Each structure stands twice: as structure tokens, then as C-alpha cells.
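Accompanying notes for the structure given below.
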Amino acid sequence: MDAGFWFMFTAAAVFGVFVLHSHGMQRALDGLSSGGQLLLATLPKMIFAFAVAGLIQVVIPADLVSQWIGEGSGMRGLLIGTAAGTFTPGGPFMHFPIVASLLNSGAGAGPIIAYLTAWSLLGVHRLIIWEVPILGLEISLVRFVASLALPPVVGLVGGYMFHHLPGRMP
């Protein structure tokens with residue numbers, strides 16, 4: 001069990017004790033029930049996302065991942081990560097298992113950071129489905145175009161920071 005497990009375990013215990021102490025047993029049970037419902041609603045998506053993540057490791061050879069979006073891919077890797085994040089629809093239950101799979105296959109920190117930044121900032125599916133219909137074409141396109149440079153820059157800076165973390169093995 002890794003640090004992520006212990007972090008979430010501790011957070012759940014602290015919140016549980018807080019809710020139990022401040023709001024009583026019924027509210028604590030209501031909160032656990034709500035969390036259980038969320039789990040049941042998202043579990044099928046997560047199962048398929050992890051299946052896709054595993055299959056990606058089989059279908060896309062690790063040397064190809066390293067070549068195109070690996071640590072040595074430079075600006076090309078940052079731009080590929082940005083483009084992939086911009087045009088890949090879906091929510092976090094789909095993306096994070098796939099990103100973890102790409103990391104395990106040799107993707108570099110910078111391209112992955114660019115991908116995640118583009119996915120959250122530029123997602124074309126959200127632009128088309130939500131932003132343009134609600135806010136209008138002009139403001140949506142200006143926001144989109146003004147944001148285009150950010151994912152590669154964030155990927156470049158984030159990749160540098162990742163490799164210069166104190167105590168990190170080269």
C-alpha cells in the first residue's frame with residue numbers, strides 16, 4: 001500500500017470522525033451512502049478505463065511511446081501531448097488510467113503534464129458542447145486561442161521541475 005492509499009485512508013478517517021462528532025451518526029452514514037452511490041455510478045467506467053489502459057500497453061510498443069512522447073522527445077513530445085489532450089474527450093475516470101499507462105510505457109513527465117493541462121484547459125469537446133452554446137462563439141474562441149500556448153509551457157516547466165525534485169533519482 002502506497003502513500004496515496006494512506007493519504008486517502010487518513011483523510012477518510014479524519015472526515016469521518018469530524019462528521020460523526022459534529023453531525024452525528026445518521027449524517028455520517030448518509031455521507032458513506034453518498035460515497036457508495038458515487039462508487040457504483042463510476043465503477044463501470046473505471047473498469048473499462050483500466051481495461052483500455054492495459055490494452056494500450058499491449059498495442060502501443062513502449063519504444064514508440066518513448067520515441068514520440070518520452071523524455072527525449074523535446075518540443076515534439078510537448079506538442080503531441082498538447083494535441084492529444086486537446087482532442088481527447090472524456091472525464092477523469094477515463095483519462096488518468098490511460099495517462100498512468102502511458103507513463104508506465106515510457107512517456108515523459110513534460111508531455112504528460114502538457115496532455116493533462118490541455119485536456120483540462122483546451123478540451124475541444126467541452127468547447128463545442130458547453131462553452132460555445134452557453135457563452136457564445138467570440139468569447140469562447142478568444143479564450144481558447146489565448147490558452148493554446150499554455151500546455152506546452154506548463155509541460156516544459158513541469159517536466160523541468162519534476163526532474164529537479166530534491167531526492168529524485170535521475
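Just so you know, all these numbers are worked out from the coordinates, no wet-lab data involved. For clarity, every value in this text was computed on a predicted model and none was experimentally measured. Positions of Cβ are generated from backbone atoms using ideal geometry, with glycine treated the same way; all protein chains shown enter the neighbour counts.
Brief remarks on what is shown
- Shape of the range 1-44, Cα gyration tensor, a/c cut at 1.5: oblate
- Mean Cα-pair separation over length for the range 82-170, i.e. relative contact order, pairs under 8 Å, 6 or more apart, %: 40 percent
- Sorted fewest first by neighbouring Cβ atoms within 10 angstrom, HIS164, HIS23 come out as HIS164, HIS23.
- Relative contact order for the chain, counting Cα pairs under 8 Å that sit 6 or more residues apart, in percent: 22 percent
- The listed peptides 26-33, 67-74, 102-109, ordered by packing as a protection proxy, come out as 102-109, 67-74, 26-33 (highest mean of other Cβ atoms within 10 Å first).
- Contact order, relative form, for the range 12-98: 32 percent (alpha carbon pairs under 8 Å, 6 or more residues apart, mean separation divided by residue count).
- Amide H contacts of GLY70: GLY108, each under 5 Å away and 5 or more positions distant or on a separate chain (H built 1.01 Å from N in the peptide plane; Pro and chain starts excluded).
- Phi angles of the range 86-95 translate, via the Karplus equation with coefficients 6.51, -1.76, 1.60 and θ = phi - 60°, into HN-Hα couplings of 5, 9, 9, x, x, x, x, 5, 8, 6 Hz per residue; Gly and Pro are given as x.
- Electrostatic dipole magnitude of the range 17-170 [Cβ: Lys, Arg +1; Asp, Glu -1; Cα centre; debye, to 20]: 120 debye
- For the range 123-140, 3J(HN,Hα) computed residue by residue from phi via the Karplus equation (6.51, -1.76, 1.60; θ = phi - 60°) reads x, 4, 4, 5, 4, 6, 7, 10, 5, 4, x, 8, 9, x, 5, 4, 5, 5 Hz, glycine and proline entered as x.
- In a fully extended conformation the segment linking TRP130 and PHE87 would gain 14.0 nm over its present Cα-Cα distance, using 0.36 nm per residue.
- A value for percent of Cα pairs over 23 Å apart was derived from the coordinates, and within the list (i) 55; (ii) 59; (iii) 35 it appears as (i).
- Karplus-derived 3J(HN,Hα), 6.51/-1.76/1.60, for each residue of the range 25-31, Hz, glycine and proline x: 4, 4, 5, 4, 5, 4, x
- Rounded Å value of the spacing that divides the Cα centres of the range 96-170 and the range 53-76: 17 Å
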